[in-house]
1. Answer yes or no: is there a residue in the stretch B:413-426 that is within 14 Å of chain A (Cβ to nearest Cβ), over 24 Å from the mean Cα position of the chain (by Cα), more than 30 Å from B:K701 (Cβ to Cβ) and surrounded by fewer than 24 Cβ atoms within 10 Å (Cβ to Cβ).
2. Just to be sure before I move on: is A:F431 facing chain B (nearest Cβ under 9 Å), more than 17 Å from A:N698 (Cβ to Cβ), touching a Pro at 6+ places or on another chain (Cβ under 7 Å) and of a type in the set (F, W, Y) in the structure I sent?
3. Among the residues of the stretch B:216-248, what is the count of those that are in a helix (DSSP H, G or I) and under 23 Å from A:Q390 (Cα atoms)?
4. If you check A:L674, A:L650, which single one turns out to be at pLDDT below 90, not assigned by TED's automatic domain parsing to the domain that holds A:P236 and not β-branched (V, I, T)?
5. Could you tell me whether B:V594 is within 11 Å of chain A (Cβ to nearest Cβ) and within 23 Å of the chain's Cα centre (by Cα)?
6. Only one of (1) touching a residue at least 12 places away in the same chain (Cβ under 8 Å); (2) within 14 Å of another protein chain (Cβ to nearest Cβ) is not met by A:N707, so which one is it?
7. Scan the helices (runs of 4 or more DSSP H) fully inside the stretch A:661-761 and keep the ones with 3 or more residues being surrounded by fewer than 24 Cβ atoms within 10 Å (Cβ to Cβ) and in contact with a helix residue (DSSP H, G or I) (Cβ under 9 Å, 6 or more places away or on another chain).
8. Taking the stretch B:576-589, which residues are facing chain A (nearest Cβ under 7 Å) and in contact (Cβ under 8 Å) with a residue 12 or more places away in the chain?
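The values are calculated or read from the model by the stated rules, or taken from the named source; none is laboratory data. Not measured: the values here are computed from a predicted model. Backbone-built Cβ (ideal geometry, glycine too); neighbour counts: all protein chains shown.
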2 protein chains.
Amino acid sequence: MITQLFWIVPVASVVALVFAWFFFRTMMKSSEGTDKMKEIAQYVRDGAMAYLSRQYKVVGIVFLVLLVILTVLAYMGVQNPFVPIAFLTGGFFSGLCGFLGMKTATFASARTAQGASESLNKGLKVAFRSGAVMGLVVVGFGLLDISLWYVILTKFVYTTEHMANGFQFLGLDLVHQGMDESQKLLEVTATMLTFGMGASTQALFARVGGGIYTKAADVGADLVGKVEAGIPEDDPRNPATIADNVGDNVGDVAGMGADLYESYCGSILATAALGAALTVNNTGADMSGKVIAPMLVAAIGIVLSIVGIFMVQTKEDANAKSLLNSLLIGTGGSSVLILAAIAGMAALDWITWGIFGAVVSGLVAGVIIGQATEYYTSDGYKPTQGIARQAQQGPATTIIDGVAVGMYSTWIPVVTIVGGIIASFGFAGGFDNFAEGVYGIGFAAVGMLSTLGITLATDAFGPIADNAGGNAEMSNLPKEVRERTDALDMLGNTTAATGKGFAIGSAALTAMALMAAYMEEIKIWLKRGLNEGDTVVQNSIQFVLDSSTQVGEGIKAVVISEATLKDFSSFYDLSLFNPLLLAGLFIGAMMAFVFCAMTMKAVGRAAGSMVDEVRRQFKEIPGILEGTGTPDYAKCVAISTKGAQQEMLLPSLLAIIVPIAVGLVFGVAGVIGLLMGGLTTGFTLAIFLNNAGGAWDNAKKFIEKGNYGGKGSDAHKAGVVGDTVGDPFKDTSGPSLNILIKLMTMVSVVMSGLTVAFALF
Amino acid sequence: MITQLFWIVPVASVVALVFAWFFFRTMMKSSEGTDKMKEIAQYVRDGAMAYLSRQYKVVGIVFLVLLVILTVLAYMGVQNPFVPIAFLTGGFFSGLCGFLGMKTATFASARTAQGASESLNKGLKVAFRSGAVMGLVVVGFGLLDISLWYVILTKFVYTTEHMANGFQFLGLDLVHQGMDESQKLLEVTATMLTFGMGASTQALFARVGGGIYTKAADVGADLVGKVEAGIPEDDPRNPATIADNVGDNVGDVAGMGADLYESYCGSILATAALGAALTVNNTGADMSGKVIAPMLVAAIGIVLSIVGIFMVQTKEDANAKSLLNSLLIGTGGSSVLILAAIAGMAALDWITWGIFGAVVSGLVAGVIIGQATEYYTSDGYKPTQGIARQAQQGPATTIIDGVAVGMYSTWIPVVTIVGGIIASFGFAGGFDNFAEGVYGIGFAAVGMLSTLGITLATDAFGPIADNAGGNAEMSNLPKEVRERTDALDMLGNTTAATGKGFAIGSAALTAMALMAAYMEEIKIWLKRGLNEGDTVVQNSIQFVLDSSTQVGEGIKAVVISEATLKDFSSFYDLSLFNPLLLAGLFIGAMMAFVFCAMTMKAVGRAAGSMVDEVRRQFKEIPGILEGTGTPDYAKCVAISTKGAQQEMLLPSLLAIIVPIAVGLVFGVAGVIGLLMGGLTTGFTLAIFLNNAGGAWDNAKKFIEKGNYGGKGSDAHKAGVVGDTVGDPFKDTSGPSLNILIKLMTMVSVVMSGLTVAFALF
């Protein structure tokens, strides 16, 4: 039986970590090049570590505050007592991944430049396998944390003995006397689900803070360096250039990694919780099988992602297309292998064919969204070329056309996600049994993220290649080296764009699964309220329990007490016409816009400080522009770091406080409305921002290739305006929406006990 | 009893039309000025009429097609047989309002300029009272159409005799034998509701077509005339200048008028339908009172709006602030008088105090949204000034800051609408009885729109003042005249911005009421299906009927047949977790973005043709730039007209087809999801676009006043880029979303029979 295969999960996670270590060692053994290259790399490394240590300090304080709050809530009886500890491990492992990924990336950039000076294939290999370190630590630590908690909870807390006699923990009656197997699984998964809160909080700081950092440095470096002083990109005379290179790592390695770590753990944990809910009225043989299944799919995904990583090779005379192909062979190969393995699981009856269908839906949806993103943002296709053509008429038409392209581009991803949700729901049998269908949606998320080991490798590859280019430029390496790193960099831009589509797509599915799990949490808390013995409440709750899972089931119970039902109905009624739910829906839509506005403003302010600092250095440090004086790189890094951490506080607080407040004021219905409104509007808005930004970026590059007048023409100037507008769109506000969507859901899950307590008492 | 006061409704509508006629005659008697002024005015008039006649031709074809479809559906038994005729009257009266409003506005512009040459007060009066013609014909014809249909249906179709014996119409069994009073009211209001479809179709063409027209002409005139040829705004040498002036009328008079005509009729009709639904299980004395009440509130609003119009006066030495104050006295005065009158109605027990509360909620919400709009778009406040400051750093930061301001500005309107919905729902007793609460939301919409007679006057005043300025410029009137018209024009810009907030706010509430009415329509069609005698379906339907109105009620009926319930549940289940509803929600959010993208692209293409034409005329017509040759104004008007009508086809078809398709594929739940998603995302997106556009416009003007370098500085150039980007935001895409939101709902209402038939058979 599948339950006996659980050992595969921790083993796979360890395998991932071993290979990550192996790839890291191999990379470290290759040469870092000349002294100049080492020096530049050291600057970037120092900057990155300076950023991380400051971020972790701030995160530490926030974790401490949240820890206290969660502990107090636990002692008040409206929070599971394991949550404070689970919360910490989730945050710790996510932070560790960020640290290791950044360390690797900053060690790899000079080595990639050195590799590229030997051959293109060598450069690609160093960069890609260093990116794979990030991919593998994320999936490895993610699954390891899940395995550890599962073992601890099932082997030491919810034991047969405890379930017979009851079990107290920190003075709290944790395992009720006579608890049965299905109740146990519910409690275990509900506890584990909340460790995602730690990952979410970490992701918030990494993604939003990283997004602000990278664009503040970028815009600051460009505005003064390129535009005012007229020195080229990545010129060592520009004091902000190291901060700019650090920013690539901060945003695209640590930020993207933490974002996807959250999705990865969230999707597996939510699906496990939904699986546990399935077992409640189903006293079949293999109850824990439904809980372990998503972990097993993830474990298989890890192993086959590693196989895929080894498949990435290229020939020496590779052009842009064949470079992209070699990556596609890796990711596509993993996907096909995973599908085959999952089909095998279904053939062996470990999972149903319906679940196989759900996993396929998720994987295919991920691929389609990625391809659509490429179509709308690559200069090989009409939309981006159209923006470049409009650039001839000036910046205004460039902006209007880019906005139109971005807005229009939302249709394929939305239709794909809708198709993925309905297909996975239907395949899993949701039209006969709602709960099975929701479990299927969870598997779609797990399926989409099963290739994360290699997908994240292609993402993290981007900034490494970009930094390698910067290193080559600053170290005055021969032109052919820069050409090779440019080829790698261009490839990285493509994978970054598709990676963004993948990140928002998986965020949407993860949020869906988390929302369904939220309803399970609410039920658990309501059932605890039920034990209080209040029969009036009991009837209403019974209705709530069932109306939220399935329309028909709970109705018999409700008829007992129709009058009381009404009092509670608007608080829990998930009908779209419930004005409390509607209020949530509106507020959710608004949150997406306001959060974007705040992060955009934050970039503007942080970039402003950077501009001032760079101007100051140009004025005050003698010989800086002649190349005889050394700029104060560290000061610029410090400014970006400080700006990012300060500016992210307000939007972050909003994302945490609003779902709690909505829960207290508008109840469960309001929360579900808020989350759904945030999800649908946030998803669409994020795609608009990402794709508009990507298209502007590439439209500018398309002009720089010599089209419509090429570099220096009026069209190019208009293109630069578009690119600058697009920077915060695609690198700050757009990706931050992933976090908003998931964090609001996770906060609601963790605070569900409080919401229920406030409503009941 | 309130039923006996119905006569007030047609009388008020006739009073409105009489005063409209009076204001028109008064305006026509004042002098049109010099021959040159008359000539310019004639050009604009000809252009406006050329546009209207072409639009009405296209609209005529569309109406013919829809008429055939609706008639066929009626004969298939899935459409009320009166709908095709009702549809026509709705469209006809809306079109008539557009024609009269445009005619008045184009007659008034030269007279306003002439008036301004005498005194500022004279200019204000001519312009404002001409605007009042538009306001009064809209409310007059709207309420007249409603009164006529109500009389026809209740006095000639659903008579006591017919209800006893049955009544056939065109071979269809329209009035069933033994129909009771409450059924009759349901049928009457359901029939009337669909005449809104005619108004919606007309509004679609007027608002979307008008929005494309006005910006194509504006951008075309600016890009070639101002930027390339370097001649000032409104210069008669620019061939596109007449088209530009026509555009102001087309967009802001006819477009805004048709938009609000639709909201006005839609809100009254939807509230009446919800009132009729209330009477079904309530055999109290005064059943038709609930149907007539919203009409009566509207009628009182008309009379007191006229009083408000007479309150608008100004002193000769008026500055910008006192001009605005004189308008505020008019609109504020009307609001206060209306509130007093409605309070009187409540005191006389004609309506409940709860309904009074709902009306107050709507009125107050309208005022708050208007004030918030002013704060975020007026150069007297920080947000717009901040954009102007950012303009010093170039166009990119101008755009980013404007986007951030626009997105941020969504919070007050969203919170206000949420507050308005919950307050009106709660005041009307919705937390005890859901149906009463929804009826209250309808009254919030009616309340907000009760001041329409004067609010629309302040809107239509804007383009008249703008055109007066254009006329003064082209006719070389003395500088002081232009200064006076400029003062009026600036006032018009403010009222235009608040008017847009008012339009989207009322669209949101109207759509809410329409959606609730949609569920009533679905019930009526389901009941017809019920008569087929299929008991299996009957049970499912019974559940649907009640779950949509109130959680508790229908449950007893469902228990009978739990098995069949499941088959239908996902099709009708309005729980937010129903994946079909969720699909609709996502698609609705996407529709808002895609619709915006399409209208933006449309402006780009239409403006492109205009640019080509103006360039051609500058090259081919000799002496045109020296002022000796006459430009071919008509050609430019024709190009804008043709472009607008062509470009709007695709987005329009989308708005009509998508709700029908979603209904057929995803059922009632999918439709409700689509409408709610479209509403929440569309509302927020529209506010973002309107306010960003308005803020850019005024930031540019703020710079032109001499701030940050004034006219000609780099900041000014950046400001112009922002303004140009904002043009399609605020005048095309943003306002078009009002139409999208309402039209999708109206199409769903009219096609509800088809949706049900497709699901049942």
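1. Taking every residue of the stretch B:413-426 in turn, at least one turns out to be within 14 Å of chain A (Cβ to nearest Cβ), over 24 Å from the mean Cα position of the chain (by Cα), more than 30 Å from B:K701 (Cβ to Cβ) and surrounded by fewer than 24 Cβ atoms within 10 Å (Cβ to Cβ).
2. Against the criterion (facing chain B (nearest Cβ under 9 Å), more than 17 Å from A:N698 (Cβ to Cβ), touching a Pro at 6+ places or on another chain (Cβ under 7 Å) and of a type in the set (F, W, Y)), A:F431 does not qualify.
3. 15
4. Just one listed residue meets the conditions, A:L650.
5. When the stated conditions are applied, B:V594 passes them.
6. A:N707 satisfies all of (1) touching a residue at least 12 places away in the same chain (Cβ under 8 Å); (2) within 14 Å of another protein chain (Cβ to nearest Cβ) except (2).
7. Answer list for the stretch A:661-761: A:714-728, A:752-760.
8. Listed by number, the residues that qualify are B:L581, B:L582, B:A583, B:L585, B:F586, B:I587, B:A589.
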